[in-house]
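Just so it is clear, none of the values below were taken in a lab; they were calculated from the coordinates. Given the structure is predicted, the values throughout are model-derived calculations rather than measurements. FYI the Cβ positions are ideal-geometry reconstructions off the backbone, even for glycines, and counts take in every protein chain you see.
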Number of protein chains: 2
Amino acid sequence: MPALDYPPPIQRLIAQLRSLPGLGPRSAERLALWLMQVGPLRVDPLARSLGLLHDTVRACDECGFFIEKDADCLLCTNERRNARLICVVEQAADVLRLERSGAFQGMYHVLGGKLSPLDNVTPEDLRIDSLMQRVQSLQAEEVILAVGSDVEGEATASYIADGLSGLGVSVTRLAQGMPAGGALDHVDELTLFQALHGRRKIG
Amino acid sequence: MPALDYPPPIQRLIAQLRSLPGLGPRSAERLALWLMQVGPLRVDPLARSLGLLHDTVRACDECGFFIEKDADCLLCTNERRNARLICVVEQAADVLRLERSGAFQGMYHVLGGKLSPLDNVTPEDLRIDSLMQRVQSLQAEEVILAVGSDVEGEATASYIADGLSGLGVSVTRLAQGMPAGGALDHVDELTLFQALHGRRKIG
């Protein structure tokens with residue numbers, strides 16, 4: 001007799017949950033059992049949302065942020081935004097963070113990740129070609145590379161800066177330094193180095 | 001103009017994912033964006049598994065372990081198992097763990113949790129009444145309380161032991177002591193205390 005296991009539908013669900021980012025084997029099992037326990041009234045709405053997700057939402061062909069299937073992109077079609085200024089970010093979530101800061105009124109371009117040879121992410125996997133085309137069609141004056149300042153982010157920024165050279169566009173990077181409200185003993189040495197290096201004259 | 005946010009279907013999915021155990025606001029958002037990025041070929045099978053879960057699987061009315069909707073319980077209907085011996089566990093996952101140990105050949109009874117006043121889990125929320133009925137209908141000789149040895153587990157064990165007193169059944173608890181292969185510097189003081197207290201004569 002084979003070893004006892006969960007019924008196949010639960011085994012299948014555990015395997016699928018385990019393939020989601022951030023869920024290990026134990027948390028996938030715990031989540032599946034929790035879903036069994038809470039009953040269909042809690043599970044069915046989630047199943048429906050997932051099933052409808054790609055039928056109701058898509059990425060904007062221009063900026064890569066998400067929009068409802070038949071809607072216009074609120075960012076790309078907003079004429080009060082400066083179309084000569086393009087801010088390049090890794091993820092759609094970064095667009096929301098920058099919008100909440102209120103500091104940017106230009107166009108966005110979501111790459112969909114960052115270059116990472118270890119994870120097999122090459123330039124072809126990112127929306128870099130479409131960025132080059134957009135820079136030209138929008139006649140952009142400045143491209144702000146708001147990608148992360150980790151190793152992969154820096155590599156991605158260099159790669160894009162190389163590609164943009166010769167297009168007559170100014171390429172910038174976010175300032176690096178002390179976080180707002182941060183004390184010296186809360187930041188790492190590299191951040192301190194960069195904050196010192198980029199110091200501003202105030203008097 | 002309202003602040004920019006994800007389209008409603010994504011907002012809804014994030015809210016639903018956030019209500020799952022073990023997922024905070026940030027991991028729910030990250031997971032939703034990942035699901036958008038991987039496309040329907042990865043998401044739709046998960047949506048189907050979730051939607052079918054409660055149509056294809058149910059908990060056995062007797063032991064509480066999961067079985068396919070129209071199938072008999074492999075545990076309760078197995079005549080080679082000792083029906084006079086009932087092992088009480090918190091979760092269905094505990095049944096699998098005990099089965100894999102190969103140390104138990106009796107019946108199981110899944111409580112569905114443990115008593116926890118802070119989380120509003122009362123005796124009525126657990127399968128305790130059905131345990132009392134089963135002890136009598138199976139004419140059980142021993143009930144092994146294999147619930148956890150944390151505070152809530154101990155409270156649950158005491159509560160059940162009280163309820164079983166007078167039914168003429170022997171009530172036992174799992175042994176506590178050193179884990180297999182464990183060195184003294186890897187276990188906490190309470191475990192050491194209990195291991196010392198329950199020491200066995202071997203020579």
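Things to note:
- Efficiency of FRET from Cβ geometry, residue B:83 and residue A:81, R₀ 60 Å, rounded to 0.05: 0.25
- Our helix-only sum for chain B, with -39,500 (n - 2.57) per DSSP H run of n ≥ 4 divided by its residues, gives a mean residue ellipticity at 222 nm of -13000 deg cm²/dmol.
- 7 Å along Cα→Cβ, label-point gaps from residue B:103 to other copies, nm, shortest first: 5.8
- Among B:33, B:53, B:118, residue whose mean-square fluctuation peaks in a GNM of chain B (springs only between Cα atoms under 10 Å): B:33
- Label point 7 Å beyond Cα along the C-beta direction, distances from residue B:82 to other copies (nm, shortest first): 8.0
- In this assembly of identical copies, the label point of residue A:25 (Cα plus 7 Å along Cα-to-Cβ) is separated from its counterparts by 3.4 nm, sorted shortest first.
- The overall shape of segment A:8-58 is oblate: from the C-alpha gyration tensor, with semi-axes ordered a ≥ b ≥ c, the ratio a/c is 1.5 or greater and a/b is no larger than b/c.
- Contact order, relative form, for segment B:73-201: 22 percent (alpha carbon pairs under 8 Å, 6 or more residues apart, mean separation divided by residue count).
- Once the Cβ-Cβ distance of residue B:11 and residue A:200 is raised to the sixth power relative to R0 = 30 Å, the FRET efficiency obtained is 0.15.
- Magnitude of the charge dipole, segment A:49-166, Cβ model with Lys/Arg +1 and Asp/Glu -1, debye to 20: 360
- R0 of 30 Å, Cβ-Cβ distance residue A:175-residue B:185: FRET efficiency to nearest 0.05: 0.05
- Highest-fluctuation residue, B:27, B:149, B:116 considered, GNM on chain B with Cα pairs under 10 Å: B:27
- Estimated distance in nm for a label pair at residue A:136 and residue A:151, the labels positioned 7 Å out from Cα along Cα-to-Cβ: 3.4
- Closest approach of any chain A Cβ to the axis that rotates A onto B belongs to A:47, 3, distance given in whole Å.
- Take the Cα of residue B:71, step 7 Å toward its Cβ, do the same at residue B:58, and the gap between the two points is 1.5 nm.
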